[in-house]
Amino acid sequence: MTGDDALVLAKGVAIGLMVAAPVGPVNVLCARRALEHGWRAGIASGLGAAAADTLFAAAAALALAQATGLVAAHRTILVLAGGLFLLAYGWRTLRATPPGPGAGRDAAGLVADFASAFALTLANPITVFSFAGSYVALAVPVDARVDARDALLVAGVFLGSTCWWTLLVAAASRLRQRFTRSGLAIANRVAGIVIIAFGAATLAGLALEAARGGG
């Protein structure tokens with residue numbers, strides 16, 4: 001690996017961290033699952049989010065201009081769908097009955113954790129618009145060619161995102177034994193309220209834009 005290749009990989013790792021680390025609904029989801037069901041559930045959720053981040057990275061690396069144009073052209077419907085999804089998932093989380101401390105996940109549960117975190121990350125409008133800004137901030141070159149550096153960049157994003165989710169899950173797992181069933185119920189309510197707040201803020205921002213446009 002040349003020095004230039006290492007720089008591309010490092011930029012990918014930085015982008016993965018920049019997109020994953022800001023507090024958002026997926027962070028809340030992963031921490032909650034690590035508290036309720038243990039580190040395996042948290043890691044499965046984190047890998048689902050990292051897979052979605054990697055999918056966005058691949059689209060951006062291969063066709064940033066086209067991907068940005070496509071997102072811009074369908075921005076309203078994407079934001080609306082994402083906001084509604086966050087509201088629905090937050091309500092479900094708010095009403096969820098927590099298992100007793102120490103309850104784990106079977107294989108089917110882990111797959112469901114992965115899939116739901118993947119879907120939530122894809123539906124989160126903030127994720128969609130974070131990549132373009134990250135690419136510009138780090139001066140990532142984008143052209144029409146698909147080469148090994150594109151693969152390095154995408155791999156770096158997956159690595160950076162996975163590192164963040166691993167650290168988050170490790171921190172939440174250390175606190176798990178301190179939570180009683182009532183404590184987990186409170187965590188569910190807090191997580192649900194936070195996710196609902198993100199969804200409401202997303203829809204409110206969209207309504208404000210529409211009002212300004214109409215005015």
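No value in this document is a laboratory result; all are computed from the given coordinates. Since this is a predicted model, take the numbers as computed values, not measurements. Because the Cβ atoms are built from the backbone with ideal geometry, glycine has one as well, and the counts that use them run over all protein chains shown.
Miscellaneous remarks
- Separation in nanometres of the label points that stand 7 Å from Cα toward Cβ, at L7 and L84: 4.6
- Most tightly packed first, judged by the mean number of other beta-carbon atoms within 10 Å of their residues, the peptides 184-193, 152-161 read 152-161, 184-193.
- A convex hull fitted around the alpha carbon atoms of the range 1-46 yields 70 Å³ per residue.
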